[in-house]
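First up is the structure itself, then whatever we jot down about it.
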Amino acid sequence: YSRDGAVLPIRVQEGPPFTFGSVSISGARARAEDSVRKDLAIDAGTPYTPAMLQAARQVLIRAYATEGFNTVTVDARSTVDVAAASVDVGISIQEGPQQVVTEVAVTGAEGVSPGVVTAALRLEPGAPAHLETLYAGRRRLFQTGLFRRADVEATPIPGAQTTAGVEPVRADVT
């Protein structure tokens, strides 16, 4: 200690960097495990950081969403092995139903041909109801200059059966 201040030395003793150990996946039914692993991009021996695991989880959620799995949840469980300087990861997937557009319903577009609306949306019957695709269709509706306001939502069809994990939805345009 001196009049000008105090100096407190801090010693840092680094240990070995942690790496990913085993990566187990459960709950992937609609997608092949190889495809899920490719999206995760986590291999044993890869340097581990919690941020990297979180980013891989988000990539997997987006990959499922592009296929219409809009309610998918992906949980990551980590088990640290200090002696081996590794982290084993368990990925648990709850896919939920795959939403598929089966129809497009347009309401409130007075004076605008439904054909103009469906052409701007570019939604194919039988295609996954990917939310980003619906939002892009909404942008295209605005770009026609015919709308000041428009909403596009994937709405489950009342009374429709969810079969083999596929939920039919209607793209509601209001």
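The values are calculated or read from the model by the stated rules, or taken from the named source; none is laboratory data. The shown structure was predicted, so the numbers you read here are calculated from the model rather than taken from an experiment. All Cβ positions, even for glycine, are placed from backbone atoms using ideal geometry, and neighbour counts span all protein chains on display. Side chains are part of the model used for accessible areas, which takes the heavy atoms of the whole protein and leaves out ligands, DNA and RNA. Shrake-Rupley method; radii C 1.70, N 1.55, O 1.52, S 1.80 Å.
Assorted remarks:
- DSSP beta bridges confined to the chain are antiparallel in about 55 percent of cases.
- Treating each Cα of region 121-174 as an identical point scatterer and summing with the Debye formula, the log10 of I(q)/I(0) at q = 0.22, 0.29, 0.31, 0.32 Å⁻¹ comes to -0.83, -1.19, -1.29, -1.33.
- Crossing angle, helix 131-143 versus the chain [Cα axis fit, 0-90 degrees, rounded to tens]: 50 degrees
- For the peptides 65-72, 16-23, 45-52, the ranking by packing is 65-72, 16-23, 45-52, with the highest mean count of neighbouring Cβ atoms within 10 Å listed first.
- Ranking by accessible area, most exposed first, for Ile91, Ile157 with a 1.4 Å probe: Ile157, Ile91
- The chain, accessible surface, carbon-and-sulfur percent (1.4 angstrom probe): 53 percent
- Farthest toward positive dipole pole in region 47-174 [+1 Lys/Arg, -1 Asp/Glu at C-beta], among Phe147, Tyr64, Ala83: Phe147
- Euclidean distance of C-alpha centroids, region 1-26 and region 95-174, integer Å: 51 Å
- Sites listed here are GluC sites (Glu not before Pro) in region 77-174 whose DSSP assignment is loop and whose Cβ has at most 12 other Cβ atoms within 10 Å: Glu110.
- Heavy-atom surface of the chain, accessible at 1.4 Å and reported per residue (Å²): 63 Å²
- Only helices enter this figure: runs of n ≥ 4 DSSP H residues, each worth -39500 (n - 2.57), summed and divided by the residues of the chain, yield -8000 deg cm²/dmol at 222 nm to the nearest 500.
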